[in-house]
Every structure is written in structure tokens, then in C-alpha cells.
Amino acid sequence: MDSENLRITRWGTFGNDYVGPAFHRVFRKGQILYGSRRTYLKKVALADFNGITANTTFVIEPQNPELVLPGLLPFIMLSDDFTNHSVLNSKGSTNPYINWGDIAKYEFPMPPIHRQKEILSLLEKIETCNQNIFNCEQTIEALYKQLLLKMFPNFFEKHSKSHQSLPNGWKQIELGRLLVSVPESGYSANEISENSEWHVLNLNCLSKSGFVNNGYKSIAQKDFIAGKEILDGDFLISRSNTKDLVGAVGIYSKNDKRAIFPDTMWRLNLRKDLILSEYLEGYLLSPYGRRQLIRIAAGTSGSMVKINKQSLKKLPVPTPSLDIQKQIISATKSLKSCWRTLLNRKNQFLTLRQSIFNGEI
């Protein structure tokens, strides 16, 4: 499931020889799936096929249509108010989870059925726009991935048939030599329920396409450590995440929120005489760059793995001259611009959706 996306876009199939999780839940078409781990990711999906899911996903079916329209419930579960309730009632620190009993206690005001129908109609139109944007994002992400694969082929897996030598003039340099100082750890402040002008970034700010300007958690002013405030142009990397996203990187873009970065991320201070931040971002987001990062990740948890500083510092980086780095950055700029335009539009629709639940419409 993808954050804030009601569609399920990826799944597997199985036969009689299928070996899956020790515990699983059956779901049917039309039921709601809710990810109970790290609920700030807002993983809510409306199933359009029958299947099974791991026991970390709740399967929900509306039972009181005379009180709440069934189609409205998944949107309610995507609201900030519901998410705040879920986050504040979660247990655990490394991989927080919520129990069903705590979700069941959530209370919310509901208008009459005729007003619910009007709200649902508007929300469904917003969701249609979101899905169109998501489809475009998927296309651009695939093109971006292919472009990065062309520019950064298999330079370092020497025993593979796809291995290619570095071009003339390029050097293999360990990431640690490209840094001014050791990776800087952040600080994970506790989230508060009320709105605040002080924030800490969420893990989902770093994606397979770079920095995503969402996922801010409100914190108390006393927990806002000035030295950990994130600044425009800062280079971030996820040191602890799922295996699919560990090592995700992004360059922070300034906005109207003041935020610090959490201890699940590092801030890298790059040597600008050797490497440009946009170039390093492109390499580490490329298929083979991602493979190098996933390879050094370690951990026994089924959902969270970690990268240590020593392994990260030894990561090989194909490093050409700054002029060639600028040419590579220029080649990817148009696709990244399109992607950011889509992202901004999607955020506008998400803000519009949230404003409905805030009573602003």
C-alpha cells in the first residue's frame, strides 16, 4: 500500500505451494485495509479484489450505513484527526503499532446522510484527480529510473555480466572521502496533538524519487533543537527504514515550516570541490546506487533495517569532473521538474481533502 493512496497497485499471487506469513487475514473486494504499523504513513486502501494480507494490516468493513455512508469511512481514516489519534495511541518506538481496540475508540462528528452524500461526491472527485496524478507519477518515475540506469550502469559488481568499466576520467571514490565531516544524526522529538509552528520530519519525506515536502509532525518548542534545524539544500539520507526505502536520499527544499530532522536520518555535509549534491542524489537514487545501499543495510527486523556510518563511508561512488556532473544534472532536470509539478498538484488536492474534514468547506 502507498501512503495516502486508496488504490492497491502491487500484489503477489500464490498457489497450493504458497508459503506466506504465519498469520494472515482474508479480505474481500470492497473492504478497507489499514496498515497498523507506523500509522503516520496513512496507509489506507480500498480493496478491489479478494486476497490475503499479513496480520499487521487490519481488514475493516462498514456495518452501519444509516449512521455513516460506507464510502466515506476510508476518507475519514485518511484525515489528519484520525491519524493523530492513531499515532498518539500507538505502542513501541522503533516500529510503532496500534491495536484495534484503540482505533475502535476513535470518535468523530458526522452530519446528516444528505450532507454526507454531498461530501462524499466531492471527495470522490478529488480522489479521481489524485489517481490521475499518481498514474502520471508512475510513468515519470519509470522514465527517471531508466535515465539514471543509462547514466549509472553496473560499475561496481565486477563479477556480473552487466558490469561496465568507469568512463575515462571518472574515479571510484568512497563516500566518506566526499564528506567534510561524519554523517550528522538528527533528533526524534515526541509528537504533540495540537498544531505547532515547530516540526520534525517523518521518514516518508525521503522517497525513491528524492525529498517529498510532506510528513511533518508537530512538536513542542522545547524539543526544537536549533542545531538540528533542516535548511534549504541540506542533503538527507535515511539510515533506518524498511528494506525497500532504507538509504533513500533527498535534498531539502525550503518551505514555510520550521523543522528538525529525526535520528532515523543523517545529514551529509558534502565536499563541493569534489561532488555536487544533485549529482550524488541522482546516483544514490539510481537502480545500482540503490542496490549498493540495500546491500550494506543490516537488521533482523522484518520491517526495519539500518545502515551504520562506517559502511556508508565505504560506499563507492562513480565520480567524474564537476563539469560532467553538471551535464548529468542538466539531463535529469526536466523530468525532476515534471515530477515536482505533479507533486505540488497532488499536495494541493490533499490539502483540499483535509480542509473538508477541518470544516473549511
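The values are calculated or read from the model by the stated rules, or taken from the named source; none is laboratory data. Since this is a predicted model, take the numbers as computed values, not measurements. Methodologically, a virtual Cβ is constructed for each residue, glycine included, from the backbone with ideal geometry; neighbour enumeration extends over all protein chains shown. For accessibility, only protein heavy atoms count, side chains too; no ligands or nucleic acids. Shrake-Rupley method; radii C 1.70, N 1.55, O 1.52, S 1.80 Å.
Extents of region 124-206, largest first, come to 55, 40, 22 Å (Cα atoms, principal axes, whole angstrom).
Extension gain for Leu352 to Lys326 (0.36 nm times residue separation, less C-alpha to C-alpha distance): 5.6 nm. Give me Rg over Rh for region 67-169, both radii from the alpha carbons and Rh done the Kirkwood way, two decimal places. Reported Rg/Rh (Cα atoms, Kirkwood Rh): 1.25.
First select every other residue whose beta carbon is under 12 angstrom from the beta carbon of Tyr288; then total the charges, Lys and Arg +1, Asp and Glu -1. Once all neighbours under 12 Å are counted, the net charge is +4. Dividing the summed -39500 (n - 2.57) terms of all DSSP H runs of n ≥ 4 by the residue count of the chain sets its mean residue ellipticity at 222 nm at -10500 deg cm²/dmol.
For region 75-210, the dipole from Cβ point charges (+1 on Lys and Arg, -1 on Asp and Glu) about the Cα centre works out to 840 debye, to the nearest 20. For region 25-33, the Karplus equation 6.51 cos²θ - 1.76 cosθ + 1.60, evaluated at θ = phi - 60°, returns couplings of 10, 7, 10, 10, 3, x, 7, 9, 10 Hz by residue, with Gly and Pro reported as x. The mean sequence distance of close C-alpha pairs (under 8 Å, at least 6 residues apart), as a share of the length of the chain, puts its relative contact order at 15 percent.
Cα-based values for the chain, radius of gyration first and Dmax second, are 21.8, 71 Å. The count of lysine pairs in region 95-199 whose Cα atoms are under 20 Å apart, excluding pairs fewer than 8 places apart on the same chain, comes to 5. In straight-distance terms, cross-link reach from Lys257 covers every one of the lysines whose alpha-carbon lies under 26 Å from its own, apart from those fewer than eight places away in the same chain; here that gives Lys42, Lys43, Lys208, Lys217, Lys222, Lys228, Lys333, Lys336, Lys346. The packing ranking, built from the mean of other Cβ atoms within 10 Å per residue, places the peptides 108-121, 231-244, 158-171, 56-69 in the order 231-244, 56-69, 108-121, 158-171, highest first. Solvent-accessible area assigned to carbon and sulfur over the chain amounts to 51 percent, based on a 1.4 Å probe. For region 163-172, 3J(HN,Hα) computed residue by residue from phi via the Karplus equation (6.51, -1.76, 1.60; θ = phi - 60°) reads 4, 10, 6, 5, x, 4, x, 7, 10, 9 Hz, glycine and proline entered as x.
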